[in-house]
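S.K.: Encoded as structure tokens, here's the structure I'll be asking about.
Derivation of every value follows stated rules applied to the coordinates shown; laboratory data play no part. Just so it is clear, the model here is predicted, and its values are computed rather than measured. Because the Cβ atoms are built from the backbone with ideal geometry, glycine has one as well, and the counts that use them run over all protein chains shown.
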Amino acid sequence: MFYEISSRPLYTVGGRQSISRMIELCGGRNIFSDLTVLAAPVSFETVLARDPQAVVTGSDKGAAARLKEWRRWPQVSAVRTGSLFSISGDLLARATPRILEGGEELCESLEKEREHSISAH
């Protein structure tokens, strides 16, 4: 899956970031887990080449617009299956007890996507 920190410039989390670890705990795989930095700018071309099964963005006031932008890329598996969702960045990105709430929300969202994928086949 691809976790979008920001869209302009396009930023994501690397494998050492707690969000990446949370993705793994939820049974997902961060397509940029090979990055050794906490966060990094990435190109759309690289995201397209890695073809995420899901795209997650923080649920701030611009989240709906950012997720809508992804629909311009129908070649991405996440777009084809509608696996685009947002989760509060405050829950996932801050090292507070609320990170557990964010993790639960992330796991629930990924599980729904897995169930949808299984029922579609």
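S.K.: Residue by residue through the stretch 32-46, what is 3J(HN,Hα) from phi via Karplus (6.51 cos²θ - 1.76 cosθ + 1.60, θ = phi - 60°)? Round to whole Hz and write x for glycine and proline.
M.R.: 3J(HN,Hα) across the stretch 32-46, in whole Hz: 10, 5, 6, 6, 8, 9, 5, 8, 7, x, 9, 8, 4, 4, 5.
S.K.: To the nearest 20 Debye, how big is the dipole of the chain about its Cα centre, given +1 on the beta carbon of each Lys and Arg and -1 on that of each Asp and Glu? Walk me through the numbers before you get to the answer.
M.R.: Numbers: 15 positive and 15 negative charges, 69 e Å.
Roughly 340 debye for the chain.
S.K.: Can you give me the long-range amide H partners of Ser86? Hydrogens built in the peptide plane at 1.01 Å from N, cutoff under 5 Å, separation of 5 or more residues or another chain.
M.R.: The list, which skips near neighbours in sequence, is Thr57.
S.K.: Taking R0 as 41 Å, what's the FRET efficiency between Thr81 and Ala40 from their Cβ-Cβ distance, rounded to 0.05?
M.R.: Once the sixth-power term is evaluated, E becomes 0.95.
S.K.: Lys and Arg at +1, Asp and Glu at -1: add these up for the other residues within a Cβ distance under 12 Å of Glu101 and post the number.
M.R.: Taking every Cβ under 12 Å from that of Glu101, the sum is -2.
S.K.: Still on this structure: Quick one: go through the stretch 1-33 and flag any residue whose amide nitrogen is under 18 Å from the point 7 Å out along the Cα-to-Cβ line of Ser117.
M.R.: Of the residues in the stretch 1-33, 1-4, 20-33 have backbone N under 18 Å from the label point off Ser117.
S.K.: If amide hydrogens are placed 1.01 Å from N in the peptide plane, which non-local residues have theirs closer than 5 Å to the one on Leu10?
M.R.: Val42
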